[in-house]
Structures are given as C-alpha cells and as structure tokens.
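Taken together, the values in this text are just the output of simple stated rules run on the coordinates, not laboratory data. As the structure is a prediction and not an experimental result, all values here were calculated from the model. So basically every Cβ, Gly included, is an ideal-geometry build from the backbone, and we count neighbours across all protein chains shown.
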Amino acid sequence: MIEGIDGLKALVGEHLGYSPYVEITQEQVNTFAEATGDHQWIHVDVERANAGPFGGPIAHGYLTLSLGPMLSPQIFGVSGVAMGVNYGTGKVRFPSPVPVGSKLRLGVSLTSVDDVPGGAQVTQEFVFEIEGAAKPSCVAEVIFRYYV
C-alpha cells in the first residue's frame, strides 16, 4: 500500500510490480464484442480466425487495455486519499496480439506525480505482457488523479 501523495512522489521512476497472470478466454472476447459492437472476425469467428494471420482468435486491443482497472489494484493501492479517478491515457500502442487462451499480466511503473488543485495527477506506464511472448501486447501511458 502506498501512503498518500507523498508516498507516490517517493516512487517516481520505480517499477511497482506485476499482477498475477490471467487467462484470456473466448467468452471474454465475445462479451467485449457485444458490449462495444466490435464483431470483427479476427476476434469472434473462431473457425475463420484459426485460418487467419494469427492462427486463432485474438483479443481486442481495447479489451487488453480495459483489464488495467482489474489488474492494477493487485499490484498497488493508495491510502490516505479521499478518492482516485481515471483521468485518461496518453500514448497507447498494441505491439503484439493477445491470442485467446494466452495468459496476460500487467506491469506498472510510476513515471510522474504532479500537483493539481486538491490532489495530484499521477502518470503510470502500463505494460501488458503475454506469458512467453517476446514483445508486450499493450503499452499505455495511464493517468489517474488522486484527491485528498
């Protein structure tokens, strides 16, 4: 547990750790497709995807990114604040696919903490990795605001 804004400031430049691996299932991919209306065959048509460029269906890039709020609390928490809000993202890239059935984890580094009225804006680098893959599947600058 990180203690407040001062605790965050003390960790700028540090890697905070990794989440446990989670398996990406076809059911998750299909549910995400339903929620977003993104039914591209590479995600939801298993038979066609098996013959496609990745040898099987892959998760949506934004599904991967959306796992951040589930995985990041398994790495760290912040105490001594009234609330935290997702403020957005900066640069987001999807360097490699996430095959259905693969195991994904999140690594988080703290890149900056800047004072804002009532609290601090905290920028982190989220790196989503597939077990055994050479490249990350998603690298994103994620911005939170913590208010005291």
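Structure summary
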| read-out | value |
| --- | --- |
| Charge dipole (region 1-121, unit charges on Cβ, about Cα centre) - positive-most of VAL116, SER102, LEU65 | SER102 |
| Straight-distance crosslink candidates among aspartates and glutamates, where the alpha carbon sits under 16 Å from LYS135 and sequence neighbours closer than 8 are dropped | GLU125 |
| Dimensionless Rg over Rh [the chain; C-alpha; Kirkwood] | 1.04 |
| Per DSSP, loop GluC sites (Glu not before Pro) in region 112-148 with at most 13 further Cβ within 10 Å | GLU131 |
| Separation of the ASN50 and THR89 label points, Cα + 7 Å toward Cβ, nm | 3.1 |
| Average Cα contact separation per residue, the chain, under 8 Å, 6 or more apart, as relative contact order % | 30 |
| Per-residue ³J(HN,Hα) for region 50-60, Karplus 6.51 cos²θ - 1.76 cosθ + 1.60, θ = phi - 60°, Hz, x for Gly and Pro | 4, 8, x, x, 10, x, x, x, 10, 6, 4 |
